[in-house]
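Have a look at the structure below, then the notes.
The values are calculated or read from the model by the stated rules, or taken from the named source; none is laboratory data. Quick caveat, the model's predicted, so the values are computed rather than measured. All Cβ positions, even for glycine, are placed from backbone atoms using ideal geometry, and neighbour counts span all protein chains on display.
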Amino acid sequence: MTRKIFSLIMLIAVTGALFARTNNNKEAVVEQAKNTLMLSFGVIGTELSYERALNRYFSLSLNASYSTLLFMEALTASVQGKCYPFGKAFYLSVGLGYIYSYGSTDFMRDMLLDFLTSGWWQSQNDFNSKTQGFLIQPGFGWKIDIGKPNGFVLPINAGINLKVGSELPDIIPYARIGLGYSF
């Protein structure tokens, strides 16, 4: 009986020492950066954004961008919600905001409709139209850490700026890559 009690005490002591040793050897967990400031460039525009992480899977982003596309220039300001489904670099986003455009895509859309119906030479549209409106921004992207986890990041994103409020919505695609810093 004493041998069984002694064996039980020895077993508890050994397992307690093993668990204590494993806990002491764990590496320190790197805390995820909460803020990221990014500047991105693309074929049709530039974007400056500030992102605030709410947790590992969700963040909010404030964005300001300038886009040029054929007959159009646009300034946008938006707030985006981002979801990181795997808790890592890839994200899906949706944004709401405001767009001000000069030489709008309304002209390109109307010119195409006129061409398909009666001929583009009969179009009476103004090249210099100024429009503004509500903006919806669905998109996706990656925010890849360069080197250590908190520091420089490589933001890559793509999506569309969808201006609503006119008869037919204006669609302005974008694809950008840039450099950012997480702190």
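Data overview
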quantity	calculated
Hits in segment 94-109 - residues which are more than 21 Å from residue 41 (Cβ to Cβ) and at pLDDT 85 or above	94, 96, 98
Residue 150 vs. criteria outside any strand (DSSP E or B) and either within 20 Å of residue 38 (Cβ to Cβ) or modelled with pLDDT of 80 or more (or both)	yes
Check on residue 40, in a strand (DSSP E or B), modelled with pLDDT of 90 or more and surrounded by 14 or more Cβ atoms within 10 Å (Cβ to Cβ)	yes
Residues of segment 54-93 satisfying the condition of being modelled with pLDDT of 95 or more, surrounded by 16 or more Cβ atoms within 10 Å (Cβ to Cβ) and either more than 19 Å from residue 159 (Cβ to Cβ) or under 10 Å from the mean Cα position of the chain (by Cα) (or both)	59, 61, 63, 80, 82, 84, 91, 93
Complete set of residues in segment 162-183 that are modelled with pLDDT under 90 and of a type in the set (Lys, Arg)	163
